[in-house]
Each structure stands twice: as C-alpha cells, then as structure tokens.
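Just below is one structure, and these are the notes that go with it.
The values are calculated or read from the model by the stated rules, or taken from the named source; none is laboratory data. Small disclaimer: the values here were computed from a predicted structure and weren't measured. Here the Cβ positions follow ideal geometry from the backbone for every residue, glycine too, while neighbour counts run over all protein chains shown. We work out accessible area using only protein heavy atoms, side chains counted, and drop any ligands, DNA or RNA first. Shrake-Rupley method; radii C 1.70, N 1.55, O 1.52, S 1.80 Å.
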Amino acid sequence: MSSSFTIHVLHSHPKACCLHNVISTRRGARVILHDGARIAIIGGGPAGSLFCIFASQLARDMGMALDFTIYERKSFASYGASGCNMCAGVVSESLVQLLALEGINLPPAVVQWGIESYFFHTEGGSVEIKSSRLRQRGIATVFRGGGPAGSLAKGIQSFDDFLLQRAVEHGACVKRTFIDRVCMEGDKPRLYSGGKMLQDCDLLVGAFGIKAGTGKMFEDLSAGYKVPPTTKAVQSEIELGSDWVERRFGHSIHIFLLRIPGIKFVSVIPKGDYITVSVLGKYPKSDHITAFLDHSAMKKFLPSGFQIPQKFCHCFPKISVGAAIKPFARRAAFVGDASSTRLYKDGIGSAYITAKAAAHTALLHGIGEKDFREYYFPACKSLNRDNLFGQHLFFVNKLISVVSPVSRGYFHIVQSEQKNLQKNTPYSDVLWDMFTGSRFYKDIFFRTLHPWFILYLLGAVVLYPIKKAFLFFANRWKGVVL
C-alpha cells in the first residue's frame, strides 16, 4: 500500500509553530470533527480507501457531511509497474466475508482465482490441505494493479482501483497531485505541492504504506512517529495460460518449504493466465526466482522446455516486520502498513482493521492525540502483540521443515487428517491458519501448546519410521515366502 509522495515538513512562521505547540500541549482541550470538516488522505491503496468508506458511512449515519480528498499519484488501472502496488494479492476468507458484510462484494473481474486449498511442498514430499471451515465464500486472489506487463486486453480489474472507486462513490475526491510538503500551521495540517498551498485539513490520514521517503518526512513532524522496520521480498508474474494454470496448479496456493540458500519460503499463487511467485528471504534477488523455477520441485509444474524469459515482470516489495512507533498525533493518524500489519500475511486485512478503528475513533471520540491513543492505538497494539506469536510459529515451522524426521511425521499426520475432514483436523488447521490469515497467531500458538498436540506429534515422529521399516521388511518377507 505504498504511494508516491515526498513530504518536507516546514513551519513557515515561528509564531505559527509556537501557537501549534501551545494548543497541542494544552490539557483538556478536545478536538472533534465538525460538519463540513476536511479530511486529507495521503495514499489511495486499500487502507486509504477503506478509511474513507468507513468514515463516510459513519458520518452519514450521524447526519454529518465531511469533505474527503485522497492524494494518490499512481493509477491502479494501469498495466505493469506503473499501476502495481507490489503485493501478492491474496484476500483471506475472513476478509472476503467482512467486506461482504460492509456491502463490498468483489466482482468477477476483480477476483482472478478462487482458492479452495493449500499445497505444502517440502524436500520430504507434498500434502494438500483443505479447511473444513471453508464454505461458499473462499479465498480470492487479485491483482493490485491493472495486470502484469504485457497483460493488455486480459480483462483484469485492479482490486485497489475497485476499492478506490468505491471511495469515490462515497464522496471522495481523488487528486493525482505530487505532495512535496506538509506543515503544521496554526492548529491544522497544511499540504503543499510545488510551492503552492493545496489545502489545510482538520484531519490528516497517512495511508502511504512503507515508502521510506514519505515515512521519513512524517517522522520530521517531531510528533514521535517512526516508520515500521521492513525486509524485502522478490516477486514475479509468470504467464502460463489459464488452461495450464488450471491443470497444474488447480485452485490451490502452493507453499514451497525447500532448502534453497537464501530463501525462507516461496508461495505460488494462481491468477487466471498467470502465477505470482513470491520469494521471502534474507536478501532476495531476481536470481532467487530463477533458482526456484529451476528447482526439481517446481519444474514438474512448468511446461516441458519452459524457459525463463530474459525480461519478465518482477518487483522487490518491502514487507513490514515490525510496528510503527506512535502511529497517531493531534489531527493525524497512520493506517495500514504505515502503522501495523500482520507478519508475512493478510496485509489487506490489517488495512481493514486499522482503517476501521481510526475512522471510528475520529468520528465517535475525537481527533486529538489522547483520543487516538485511547481508542485507536489498542487495535494497533493487538496486531503488534499477535505478531510476536507469529515470529515463534514461523521459527518452529522452519525447524520442522528442515528436520526430516519431524517433517515426515507432521506431514503424515496431516495426510491422515485430510482423508476425513469430517473429524477434527488440528494439525491441518495450524498450517492453514498460519498461511491464510484466517486466525490470529496467538490463537494458533496456544493450540500448538496443548499437551495432546505435542504428544501425538512426538509419537508420530518416533512411530512413523518404525512403521515404514516394518512395512519394508514385511513386503520383503512376503516376497520371499511367495
């Protein structure tokens, strides 16, 4: 959810700066949105659009009229890099349902593929996982822009553009303007472009993702805000044709937990004529995409004689691995990736959570620093705390994937569970929930601490090789006797 902005923070007049400081520090002063208040949203990705949708709906219910302006230079309907928001583009089952409850139903042109299962591939084998909870509304894969480079006339509708248009329907004005300066003059934020003052606003919403330059400029507001720490991934769109994608990848997201140097894991996400390959590693490069596509575990999914194009659509998106410090100030709130997001998954779901919490705080409680700290910040802290459990889960998952006996034992249990989804499937559900974003990490973590969960896994680790050896010698003996 990044946006192309460079913001220099300057106080144009010392007296204005002093006045702002006096007002900001005055105890007991309550700042609220009034009828006709002006709200400026920097960034038109899901977080910015959802904030506008939620705030406008609530304002209408309260009998208020608010003025929304979204500043977003990028056109999400454009093809290739110019329209892409550099994201894997998976909308979790829980978020699909939440959006539907908000009256936001994803149209067929936006949903590129419906996901019914996950395939996990390790050096020791593969297993398909279906969730017994998955009903009519499943997981959706989407393009964040108008499609990969060369995808003209593919009938692709951008997810981000769809949400932005919904914000426009709710009264937002979208301006394709380069914001190069934001000042606090008097008691309100003021936006500039090319030396020209565009507007002042009653509330400024930062929905610019984790774009370092933009975040740094907001840090210079000296209100305590610090951008989240990030890591990088490498991502590519590979065109294979919808028939091939359907036949080889099905309606499944494929997770590869392989021993490739520099790679933590790889996800392969089907999207119509394309697959999106996302590689997470310590220092990911385009060479890691090549190494993965050349791996024997992936080659069997590709057409015979497949050659990696010399030029293919790829990018290096930043991924938040921590939380922003103090994602709020007087008359300002930061949402989505600029604030808090879930570790390695469901960034759009995090945008939904933070945007809704910020909108409700601003409309129902106020836009002072105390209001955001008391009513908005708890939603951010909940995500941040949950990510601590996520870090432990991914560490344990990595150990399981590289320790062959444990990996084989775990996957043997999962394979047994998948044969009868009518019964409890605790081990399958842990993998499903970790990678889909359907449950919070804390819930998953405590499920794995149940004594029976641990004992049964240990039993499988010990008994599985014994069972394999018994079957091997039994077959040998059977052959001798016959």
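Per-structure values
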item: Crossing angle, helix 159-169 versus the chain [Cα axis fit, 0-90 degrees, rounded to tens]; result: 30 degrees
item: Rounded, prolate or oblate (a/c below 1.5 giving rounded, otherwise prolate when a/b exceeds b/c) for the range 337-440 by Cα gyration tensor; result: prolate
item: Residues of the chain: accessible area per residue with a 1.4 Å probe, Å²; result: 45 Å²
item: Whether the range 77-222 is rounded, prolate or oblate, judged on the alpha carbon gyration tensor where a/c under 1.5 counts as rounded; result: prolate
item: Contour minus Cα-Cα distance for residue 247 and residue 30 (0.36 nm per residue); result: 72.1 nm
item: By average C-beta atoms within 10 angstrom, highest first, the peptides 334-340, 237-243, 450-456; result: 334-340, 237-243, 450-456
item: Using θ = phi - 60° and Karplus 6.51 cos²θ - 1.76 cosθ + 1.60, couplings along the range 395-411 (whole Hz; Gly, Pro as x); result: 5, 5, 4, 5, 4, 4, 5, 9, 8, 4, x, 5, 4, 5, x, 5, 5
item: Cα long-axis angle, helix 347-364 against the chain (0 to 90 degrees, to the nearest 10); result: 30 degrees
item: Straight-distance crosslink candidates among aspartates and glutamates, where the alpha carbon sits under 17 Å from residue 216 and sequence neighbours closer than 8 are dropped; result: 180, 337
item: Ordering of 345-356, 395-406, 372-383 by packing [mean C-beta count within 10 Å, highest first]; result: 345-356, 372-383, 395-406
item: Between 0 and 90°, nearest 10: helix 46-61 axis offset from the chain longest Cα axis; result: 60 degrees
item: Loop-located trypsin sites (Lys or Arg not before Pro) in the range 248-302 whose Cβ has at most 15 other Cβ within 10 Å (DSSP); result: 259, 282, 285, 300
item: Surface share of carbon and sulfur [accessible, 1.4 angstrom probe, percent] for the chain; result: 57 percent
item: Local net charge near residue 287, Cβ-Cβ under 14 Å (Lys/Arg +1, Asp/Glu -1); result: +2
item: Rg/Rg_ref, the range 160-292, where Rg_ref = 2.2 N^0.38 Å and atoms are Cα; result: 1.49
item: Cross-link reach list, aspartates and glutamates versus residue 442, counting only Cα pairs under 19 Å and skipping chain neighbours closer than eight places; result: 93, 346, 386, 429, 433
item: For the range 407-460: rounded, prolate or oblate by the Cα gyration tensor [a/c cutoff 1.5]; result: oblate
item: All-pairs Cα distance distribution in the chain, expressed in whole percent, bin size 10 Å; result: 4, 19, 28, 23, 14, 7, 3, 1, 0, 0, 0
item: Residue 105 versus residue 81: modelled label distance in nm, points set 7 Å from Cα along the beta carbon direction; result: 3.9 nm
item: Estimated FRET transfer efficiency when R0 is 60 angstrom, pair residue 197-residue 404 (beta carbons, to 0.05); result: 0.40
